[in-house]
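As structure tokens, the structure follows; a few thoughts come after it.
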Amino acid sequence: KIIILDFGSQTTQLIGRRIRELNTYCEIIPYNKFPFDDKSVKGVILSGSPFSVNDATAFKPDISQIRGKYPVLGICYGAQYMAYTSGGKVEKSDSREYGRAHLTKIKSGVALFDGISEGTQVWMSHGDSITVVPENFEIVASTADVPAAAYKIKGEETWAVQFHPEVYHTTDGTRLLSNFLNICHSKRGWSPASFIDSTVDQLKGMLGDDKVILALSGGVDSSVTAVLLNKAIGKNLTCVFVDHGLLRKNEFENVLRDYEHLGLNVIGIDAKQRFYKELAGVTDPEQKRKIIGKGFIDVFDEEAHKLKDIKWLGQGTIYPDIIESLSITGHVIKSHHNVGGLPEKMNLKLVEPLRLLFKDEVRRVGLELGMKENLIKRHPFPGPGLGIRILGDITPEKVEVVQNADDIFIRMLREQGFYDKVWQAGAILLPIKSVGVMGDERTYENTVALRAVTSTDAMTADWAHLPYEFLAKVSNEIINKVKGVNRVVYDISSKPPATIEWE
Ligand code: XMP
């Protein structure tokens, strides 16, 4: 395995994904938690950081036991930190670079640049540069503004690059990372198929004849978790799928059918009325989330108590959920509800077979398990569902309006081939009425906002630049077909500063 030491860069997870795409297992670990006892470590990558090495608050772990012992690749801050701790100088300089640059003076025959030619484009993002290079450092590539764009430390397999090989704009970035994996003698044995085989074996060993309960949400993560567990323990897995009345139109019935086709042992629970009752009159977004979260736990808990001898709770936790955050900003923007709180309440042991996978790997594993694309490629959908897409209080009538508008939008996205191009999309019912005219009649009705975004991880997102003609058709269709709506608007805010959901 490769260890990626995280110094807090926004692109650390991207490094992890690239390494996995190169069929090599890796883990992202906080900068000061290197697993010295782990014998399977084959190489180490030091990430970038929002800090300068000269900041008093910068992360400065002792890496003397890492350098020389493993092949090391420092990226950006990682490169500067190794220079800084070896007697070099890192300074804010006139030659700082943001954006595209081109490599020159690539030293021929060096392993890290194998197959990479002079002039290749790289992506820079740094305010500091290495201005004095320590004596035993050998510069292996430069750019017009930065002499030390890449170096190797003599007598060690320690390499570093000032640019970001993990980002798309570094044309030969994948090649460079692959070269580093060769330096580490990676066997490249990591793949969805190998993951499934080894995970099913592990699950069998760990669970034996124990019974497991799992909450399905209709989303990719919980669905793949269920199929994997089912493959390992079959009927000892019981899945519970709760309809909280805030799902998409016909979602409950459709998904339940898909689950049954997959051979899963699923209990579907219609808890709509209970949720509507508890939510009646509540307008505060956080309050709504709390009620939905708690209601969900209660329903699930009741169901679990009807079953006998359950020992384990399955969860669809994935890697980005558990990578220990360095919490540089540390704000909770919204309290996300998945099934947090369940394990404490139920006194069950946790089994999370996807906890080390990235989202795209979960999808690949799902396809490899033979799951249909419509379960695998579906957009993310928040746990509180349409509850946070109805601004203000929730009523069954409003749910129906938003379900119908959403259904038209999503169906047309699919028909016109846009569904797979956007990260997620949906309709939001605004607490605004406005005047319109239909035929000879004056109307005074609701406004629906459409939201569609592009993103790679939901951390940042841009509004999807859907064609005007398409939006015009969706708007017409919604106003003509959905009773109670006379106006449709399109949300053109990016995240940040907006968020994907409206509440
Ligand atoms: P925001 O609105 O924070 O959303 O930009 C980022 C992503 O998270 C989803 N989301 C949630 N998912 N429980 C969930 O399981 C929640 O409470 C929740 N709130 C937002 C949102 O749909 C988007 O994909």
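Annotations
- Pair list, Cβ < 6 Å and 6+ apart or interchain, from region 32-51 residues that are assigned by TED's automatic domain parsing to the domain that holds Gly78 to residues that are acidic (Asp, Glu) and surrounded by 18 or more Cβ atoms within 10 Å (Cβ to Cβ): Ser47/Asp6
- Any chance Gly99 is within 33 Å of the chain's Cα centre (by Cα) and part of a strand (DSSP E or B): yes
For every residue, the table says whether it meets (1) among the hydrophobic types (A, V, I, L, M, F, W, C); (2) more than 16 Å from the ligand (Cβ to nearest atom); (3) closer than 30 Å to Gln13 by Cα.
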residue	(1), (2), (3)
Ala458	yes, no, yes
Leu466	yes, yes, yes
Thr499	no, no, yes
Glu503	no, no, yes
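- Of the residues making up region 103-125, those that are under 19 Å from Leu177 (Cβ atoms) and assigned to a strand (DSSP E or B) are Gln121, Val122, Trp123, Met124, Ser125.
- For region 233-241, the criterion of being closer than 30 Å to Val399 by Cβ, at pLDDT below 95, hydroxyl-bearing (Ser, Thr, Tyr) and crowded, with 18+ Cβ neighbours inside 10 Å is satisfied by no residue at all.
- Residue satisfying all of: in region 15-32; closer than 20 Å to Phe59 by Cα and aliphatic (A, V, I, L, M); surrounded by the fewest Cβ atoms within 10 Å (Cβ to Cβ) among these: Ile29
- If you go through region 366-389 and keep only what is within 15 Å of the ligand (Cβ to nearest atom) and either assigned to a helix (DSSP H, G or I) or more than 25 Å from the chain's Cα centre (by Cα) (or both), you end up with Gly385, Leu386, Gly387, Ile388.
- Inside region 443-456, residues that are away from the ligand (no atom under 16 Å from the Cβ) and either more than 14 Å from Ile428 (Cα to Cα) or within 19 Å of the chain's Cα centre (by Cα) (or both) make up a count of 3.
- Residue in region 272-288 that is touching a Pro at 6+ places or on another chain (Cβ under 6 Å), more than 16 Å from the ligand (Cβ to nearest atom) and not aliphatic (A, V, I, L, M) present: yes
- Inter-residue pairs, beta-carbon under 7 Å, first at negative phi and in region 372-391, second assigned to a strand (DSSP E or B) and near the ligand (Cβ under 6 Å from one of its atoms), 6+ apart: His379/Gln424; Pro380/Gln424
- Leading residue by the ranking (nearest to the ligand (Cβ to nearest atom)) among those in region 469-494 that are buried (at least 17 other Cβ atoms within 10 Å of the Cβ) and not in a helix (DSSP H, G or I): Val488
- Residue within region 146-165 that is β-branched (Val, Ile, Thr) and either at pLDDT below 95 or part of a loop (DSSP other than H, G, I, E, B) (or both) present: yes
The values are calculated or read from the model by the stated rules, or taken from the named source; none is laboratory data. As the structure is a prediction and not an experimental result, all values here were calculated from the model. Glycine also receives a Cβ, built like all others from the backbone with ideal geometry; neighbour counts cover every protein chain displayed.
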